[in-house]
Structure formats: structure tokens, C-alpha cells
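Working notes for the structure below.
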Ligand code: FEO
């Protein structure tokens, strides 16, 4: 790969991660992910914004691109760390070893993390909100944007070129052959659409109120380019990704999309037997429905659609007096990610004894669900159960459509 030029003296050096590893050890990457770092070269000083970790050849890829920029004479004077998560800092110790004079600039909260993660204390300086750094013809401003996605997070703004280096914020999953939003093929655009929403739901959704605050904070900064550390660089429509993130963040409080996510699990097919009736009830009101079977589907994809949906339908049988465990896991993930205040229906089968409904009620309270009703039955569902499920789903879909 070659460095990508964003402006005079400003380059992206990046790595395409195509591993089968899980992101953060939990989220699948069927389309990979980008790790983006940025060089900003002024007349006097040069800065590297964010690092990568030793993952699928990322360190080597970035080093090769840096060597193409002919930095030998000037070197790198500063390493700006916007965010301490190891996908952006994993290579820090080896980088400092190779660049012993580099000064690390970060938020105050990042300073102890650098020591705890990498044992580095020397040449580390905390910058303040609004502080600027003169590079000679280029000036960087540091903007504290906590909790997008850790408490120590900040963004870096290139004042002269109007470029925002936003790290996790405005990022996406997926690997892209092209660097910029205006270069993407139709296939890449489609990939970006899905992988931005899945990334947001999986990584950032819990911190949505901070996303809204962070966006308000950068609003006073004119944007020619938004350059995140995952995904593509937005130069044709920098405000598109900012507005998109704002909309995704507002799903926490609502309103959301007039859609329903139906997630079900079944042991012997008796809970599964109700799914067609529920889907038919929803579709009779022309409301889109996303249907997932678990554990066959990873929670990453369930969370992506549940985050945007006004309605949730949850189906699971009783297993050893409680909910079928894979569905407990799904509800735990949804609750942690603040998938709250949805209209909801629960359905499921039981054998000798129930118990799933009682445990599900705990999640109804935790997630503040507006429970529209339940269809629970012993063994296989009767025609009456199926009719009840159809009517309940139809009624919920109608309420969502008319809201
Ligand atoms: Fe891309 Fe929160 O790290």
C-alpha cells in the first residue's frame, strides 16, 4: 500500500486487517477492518496521529508507508494518542524504541494508561482541551471528547487544512481498497453502509450521549475532511458521516426506525413454530422485520438491527427453569448496549415447568421494555397460540407504524 495524501503534508498510513480474529475479542470481522494512522508534516515539526497494533501485518504495513514519506531527515517529533485502546497503541513500545526522541501527546487521563499498558513514562505530556501545537505552517488543536470511546479519548484538528482526526468516532468496520468516500465502488458503498451501523452498534452505542456531546463540541470547527482511525476518509461529504453518527446516537432515546427485530432460539422446534405467525403479523402492517436465530447468529448482527428498531420480539424456551442460555446472553448484550425503551413481545415453549418468563421479566425491568404481551405454551403451539401471536405482532407493528 502507498500513503494516501489528504492535503499538502498530510497523509494516511494504514493497514487492512483481514484476520479471522475477533475485534475486541468479541465482534466478528467478516469484512475485515482498517487501522488508520496519519502523518501531519509542518515546516518545523512532524506528527504521527495514532498508531496500530501488531495485528495481521499492520506494523510492517505502516512502517513501509512511513518509509515512502522520506521522513529520515526530519523524523517524527510527536506521537499524538487520541485514544488508548490497544488497536491504536499496541505498537507504542516498539515505536518509542525506534524513535527515542519522540514526545507523546495525549489527554491527562491517558498518561497513567500509557504507563500501565506499556511502562512508558518518559516524554509523555498531557495536553489540555483547546490547546494548540504549532508545526510551522500547520497548527493542531486538541479537543477533549471523552467516552468516544474510552474516558481518555480526544480528537485532533488540523486548523489550516480543516481536517478532523477523530479516531474511533465516525469509524466503520470493513476493509476498503479506496481511501476516500468519493472513490468508493458501489460494492464498497454498500459494505460501508452496513459496516458503519454494525460498528456503531457494537462499539459506540453504549456511549451515545457522549457522541452527541462530542459532535456538538466539534460543530464550531469547519470540516473539509473527517479522518477516522477505522474505515474510510470523508472528504466529499464530511458532514454525512457526522450527521449519520448523530442519527445513530439518537436511537438511544428515540425516535428509531419503524422496524422490528425478531430474535429467537429453539431446542426442538416448538418455539420456532411460532415465528411464521409473528412475521406474518408484522408484514401485514408493512413494517420491515429482521429475523435472527441464535446461537446460530452472532450477537454482533442482532445488536446492529436491534439498535435501530422500535420493536423487539424475543423468543426462547424454558431451559432448566430459566431462559434458554443463548438468549440470556443476547439479552445481556442488548441491555449492556442500552437497547432500552422498545416495544416488545415475548414467546416460547416449555415442557414440565416454566421459568423463562420469570427471568425474562427481569430484563423487561432492566431494559424498560414496553411489553405488549407474551405467548407461552406447553409443548407445541396450538392454532389459538399462532392466532394470538399473529394478532399481537400485527398490533405492535401497527402501533409502530402509526407512532
Ligand atoms: Fe478503535 Fe476504541 O478503539
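The values are calculated or read from the model by the stated rules, or taken from the named source; none is laboratory data. Here the structure is a predicted model, which means the values were calculated and not measured. Positions of Cβ are backbone-derived with ideal geometry, glycine not excepted, and every protein chain shown enters the neighbour counts.
Key figures for this structure:
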read-out: Residues that are over 16 Å from residue 305 (Cα atoms) and touching a strand residue (DSSP E or B) at 6+ places or on another chain (Cβ under 8 Å), drawn from region 238-267; value: 238, 240, 241, 242, 265, 266, 267
read-out: Filter pass, residue 49 being touching a residue at least 60 places away in the same chain (Cβ under 8 Å), over 19 Å from the mean Cα position of the chain (by Cα) and closer than 19 Å to residue 104 by Cα; value: yes
read-out: Conditions (1) closer than 26 Å to residue 301 by Cβ; (2) buried (at least 18 other Cβ atoms within 10 Å of the Cβ); number of the one not met by residue 227; value: (1)
read-out: Strands (runs of 3 or more DSSP E) fully within region 230-317 counting 1 or more residues that are buried (at least 22 other Cβ atoms within 10 Å of the Cβ); value: 257-264, 309-315
read-out: From the options 226, 211, residue that is within 25 Å of residue 29 (Cβ to Cβ), within 16 Å of the ligand (Cβ to nearest atom), more than 16 Å from the chain's Cα centre (by Cα) and in the same structural domain as residue 151 (by TED's automatic domain parsing); value: 226
read-out: Selected residue (only one of 60, 29, 71 is part of a helix (DSSP H, G or I) and not assigned by TED's automatic domain parsing to the domain that holds residue 296); value: 60
read-out: Any hit, region 118-129, residues being over 23 Å from the mean Cα position of the chain (by Cα) and either touching a residue at least 40 places away in the same chain (Cβ under 8 Å) or part of a helix (DSSP H, G or I) (or both); value: yes
read-out: Answer residue from region 32-41, given it is assigned to a strand (DSSP E or B) and touching a strand residue (DSSP E or B) at 6+ places or on another chain (Cβ under 7 Å) and is surrounded by the fewest Cβ atoms within 10 Å (Cβ to Cβ) among those; value: 39
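Results for (1) touching a strand residue (DSSP E or B) at 6+ places or on another chain (Cβ under 8 Å); (2) within 23 Å of residue 18 (Cα to Cα); (3) within 16 Å of the ligand (Cβ to nearest atom), shown as yes or no for each residue.
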residue	(1), (2), (3)
167	yes, yes, yes
190	no, yes, no
195	yes, yes, yes
218	yes, no, no
222	no, no, no
